[in-house]
Amino acid sequence: EWDRIAASIKKKRVVVTGGGGSIGAELCRQVMALKPSKLLIIENCEFNLYKIEAELRSKFPDITLEQGLASVTDKVAIDYFFAQFQ
């Protein structure tokens, strides 16, 4: 059902948590290929966040990419990112 997935992501704002890990990074790549309006990557490892951000910015320069350095267990940080990202 790739067409339905693509339709649900295209021109929408998408959040990926754990986006710097192996599975999360691949999910980010696939989401970006479906042309969301924005992608917010939340990751708790600064280096992994940097790596995936650099890769995605070079491959998808026309899509807005935002990043958040935080653990998903940090409710205050997650609430902040969701409020900013809306």
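The values are calculated or read from the model by the stated rules, or taken from the named source; none is laboratory data. Predicted, not measured: the structure shown is a model, and the values here were computed from it. Backbone-built Cβ (ideal geometry, glycine too); neighbour counts: all protein chains shown. In case anyone asks, the SASA skips ligands and DNA or RNA and just uses the protein heavy atoms, side chains included. Shrake-Rupley method; radii C 1.70, N 1.55, O 1.52, S 1.80 Å.
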Could you go through the stretch 46-64 and let me know if any residue there is part of a loop (DSSP other than H, G, I, E, B), at pLDDT 95 or above and open to solvent by less than 40 Å² (accessible area, probe 1.4 Å).
yes
Search the stretch 11-23 for residues that are closer than 10 Å to GLY68 by Cα and open to solvent by 100 Å² or more (accessible area, probe 1.4 Å) and pair each with any residue that is in a strand (DSSP E or B) and polar (S, T, N, Q) when their beta-carbon atoms are under 7 Å apart and the residues are at least 6 apart or on different chains.
none
Across the stretch 65-78, what is the number of residues that are surrounded by 11 or more Cβ atoms within 10 Å (Cβ to Cβ), of a type outside the set (S, T, N, Q) and not in a strand (DSSP E or B)?
5
Within the stretch 16-65, residues being among the aromatic types (Phe, Trp, Tyr) and within 21 Å of ASP3 (Cα to Cα) number 1
Restricting to the stretch 24-36, name every residue that is open to solvent by 30 Å² or more (accessible area, probe 1.4 Å) and assigned to a helix (DSSP H, G or I).
GLU26, LEU27, ARG29, GLN30, ALA33
